[in-house]
Amino acid sequence: MSKQEPLQQIKERRDGVLAALAARTPYLQFMGIRFERRGDELTAIMAFDEKLIGNPVLRALHGGATASFLEAAAIMQLSWDRAWDQMENGHLTAEEIATPKGFALPKTIDLTVDYLRSGLARDSYARVKLNRAGRRYASVHIEAWQDNRDRLFAQASGHFLMPPQDG
């Protein structure tokens with residue numbers, strides 16, 4: 001009979017893998033994007049920073065910052081989903097994730113952004129819904145909000161090329 005891994009070790013392993021995934025993309029740090037994890041679900045958070053303002057009169061987020069945020073959320077969610085089973089079965093570690101040869105990230109095929117209203121000068125949040133995830137291709141829907149999850153300021157649909165499972 002195998003001994004069950006303590007809950008704290010499981011949490012630390014999952015957090016370590018997520019941190020290693022995020023560290024692979026320095027742009028996330030530049031943009032102030034981080035991720036909160038609840039089980040296998042991620043919430044992307046883009047902390048407000050003055051450099052993200054595109055229209056100083058309205059104090060609205062730049063459209064490029066919004067699109068980058070949505071794309072980053074999708075890539076991280078797809079990577080997290082792909083890593084989950086391997087990580088849970090002990091076949092993938094934070095150290096392996098940290099190297100491009102150890103774990104390749106999905107590549108964007110296309111991303112269509114709908115700007116529903118101006119993003120304001122405050123923190124933004126995003127979640128990704130997988131429409132289809134195959135071995136080579138994934139289709140996602142991303143929603144972004146600020147103060148109220150029911151009041152989206154942007155949404156996007158994207159298609160991604162998934163890397164081979166062995167790297």
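The values are calculated or read from the model by the stated rules, or taken from the named source; none is laboratory data. Being a predicted model, the structure only gives us computed values, none of them experimental. With ideal geometry, Cβ positions are generated from the backbone for all residues, glycine too; neighbour counts draw on all protein chains shown.
Residues to consider are Met87, Met76, Met46, Met31; find the one that is of a type outside the set (Phe, Trp, Tyr), surrounded by fewer than 20 Cβ atoms within 10 Å (Cβ to Cβ) and touching a residue at least 40 places away in the same chain (Cβ under 8 Å). Give the steps one after another, and end with the answer.
On the way: Met87 fails: surrounded by fewer than 20 Cβ atoms within 10 Å (Cβ to Cβ); Met76 fails: surrounded by fewer than 20 Cβ atoms within 10 Å (Cβ to Cβ); Met46 fails: surrounded by fewer than 20 Cβ atoms within 10 Å (Cβ to Cβ).
Result of the check over Met87, Met76, Met46, Met31: Met31.
Given the criteria of a type in the set (Ser, Thr, Tyr) and outside any strand (DSSP E or B), does Thr99 qualify?
Yes; evaluated as a whole, the condition is true for this residue.
Is it true that some residue in region 122-137 is farther than 20 Å from Phe48 by Cβ, part of a strand (DSSP E or B) and either touching a Leu at 6+ places or on another chain (Cβ under 6 Å) or aromatic (Phe, Trp, Tyr) (or both)?
Filtering region 122-137 down to residues farther than 20 Å from Phe48 by Cβ leaves 128-137.
Now narrow it down to the ones that are part of a strand (DSSP E or B): 128-133, 137.
Filter once more, keeping what is either touching a Leu at 6+ places or on another chain (Cβ under 6 Å) or aromatic (Phe, Trp, Tyr) (or both): 137.
Checking region 122-137: at least one residue is farther than 20 Å from Phe48 by Cβ, part of a strand (DSSP E or B) and either touching a Leu at 6+ places or on another chain (Cβ under 6 Å) or aromatic (Phe, Trp, Tyr) (or both).
Every residue in region 22-46 that is under 9 Å from the mean Cα position of the chain (by Cα) and charged (D, E, K, R), please.
Arg34
Could you grab me the full set of residues in region 65-103 that are under 19 Å from Gly16 (Cβ atoms) and among the small types (Gly, Ala, Ser)?
Residues satisfying the conditions are Ser79, Ala83, Gly90, Ala94, Ala98, Gly102.
Has region 7-26 got any residue that is modelled with pLDDT of 95 or more, polar (S, T, N, Q) and on the phi < 0 side of the Ramachandran plot?
Going through region 7-26, the residues modelled with pLDDT of 95 or more turn out to be none.
No, there is no match, as no residue in region 7-26 is modelled with pLDDT of 95 or more, polar (S, T, N, Q) and on the phi < 0 side of the Ramachandran plot.
Restricting to region 138-167, name every residue that is more than 13 Å from Ala74 (Cβ to Cβ), touching a residue at least 60 places away in the same chain (Cβ under 8 Å) and in a strand (DSSP E or B).
Within region 138-167, just Phe153 meets the criteria.
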